[in-house]
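Visitor: This is the structure I want to talk about, given as structure tokens.
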Amino acid sequence: MKTLSILVTCVCVLLIGGCATYDPGRLDDMEYRLTRLEKKVLAGPAETAGSTEGIAGDIASADEEEALEPRVVIPDTPTKKDIQISLKNAGYYDGEVDGKFGPRTKAAIEAFQDANNLVADGKAGVNTWTKLRVFYTPPSEE
């Protein structure tokens, strides 16, 4: 009887766990759309004053504009260069973006962690990257 109870519990946990999935790409897309909407709202009615199409027209034109704009894909697992780029954009790193973790990169990570109420261990783990990734821009093509 105890084995059956454990088996039923395990099956329930697996079924419930399978329902809650996390898709970071979808979340990035939603954040991108929210940012665009906030910019339109802050721009005010002057930007859409000449439009007679109303909200539906604004949504359609926003989708057309969105299709033309390149999207920034933020990596879930950053490279050392991604971390240095983000630290540089955040104002914590002034060294060369070379993908090498030296004392300047470690000091920049620690300063960022300290300023963001994280454990200042100098390692760019999940918690650090979660807060640092908003400063990410793709590396320039050279």
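Visitor: May I ask you to list the GluC sites (Glu not before Pro) in region 64-138 that are in a DSSP loop and have at most 13 other Cβ atoms within 10 Å of their Cβ?
Guide: Those that pass, being in a loop and sparsely packed, are GLU96.
Visitor: Here is the link list: LYS39/LYS100; LYS100/LYS131; LYS39/LYS88; LYS39/LYS81; LYS106/LYS131. Which ones come out longer than 28 Å on Cα distance?
Guide: LYS39/LYS100; LYS39/LYS81
Visitor: With a point put 7 Å past each Cα toward its Cβ, work out how far THR79 is from LEU42 in nm, to one decimal.
Guide: Placing both labels 7 Å beyond Cα along the Cβ direction yields 3.1 nm.
Visitor: Which ordering of THR35, THR105 is given by a fewest-first count of other beta-carbon atoms within 10 Å?
Guide: THR35, THR105
Visitor: Starting from the Cα-Cα distance between PHE135 and ASP121, subtract it from 0.36 nm times their residue separation and give me the gain in nm to one decimal.
Guide: Working it through step by step, the gained length comes to 3.0 nm.
Visitor: Using modelled backbone amide H atoms (1.01 Å from N, in-plane), which distant-in-sequence or interchain residues come within less than 5 Å of GLY122's amide H?
Guide: Result for GLY122 returns GLU110.
Visitor: Once phi is turned into ³J(HN,Hα) by the Karplus curve 6.51 cos²θ - 1.76 cosθ + 1.60 with θ = phi - 60°, what whole-Hz value does each residue of region 92-105 show in order, with x for glycine and proline?
Guide: In residue order, the calculated couplings are 9, 10, 10, x, 6, 7, 10, x, 10, 8, x, x, 5, 5 Hz.
Visitor: Show me, bin by bin at 5 Å from 0, the whole-percent P(r) of region 80-135 based on Cα pairs.
Guide: Histogramming region 80-135 at 5 Å steps yields 4, 25, 38, 25, 7, 0 percent.
Visitor: Determine ³J(HN,Hα), in whole Hz, for all residues of region 121-131 in sequence, where each value follows from phi through the Karplus function 6.51 cos²θ - 1.76 cosθ + 1.60 and θ = phi - 60°; x replaces Gly and Pro.
Guide: 9, x, 10, 8, x, 4, 5, 5, 5, 4, 7
Any read-out appearing in this document is the output of simple, stated calculations on the displayed coordinates, not a laboratory observation. Remember, predicted model here, so these are calculated numbers, not experimental data. Reconstructed Cβ throughout: ideal geometry from the backbone, glycine too, with neighbour counts over all protein chains shown.
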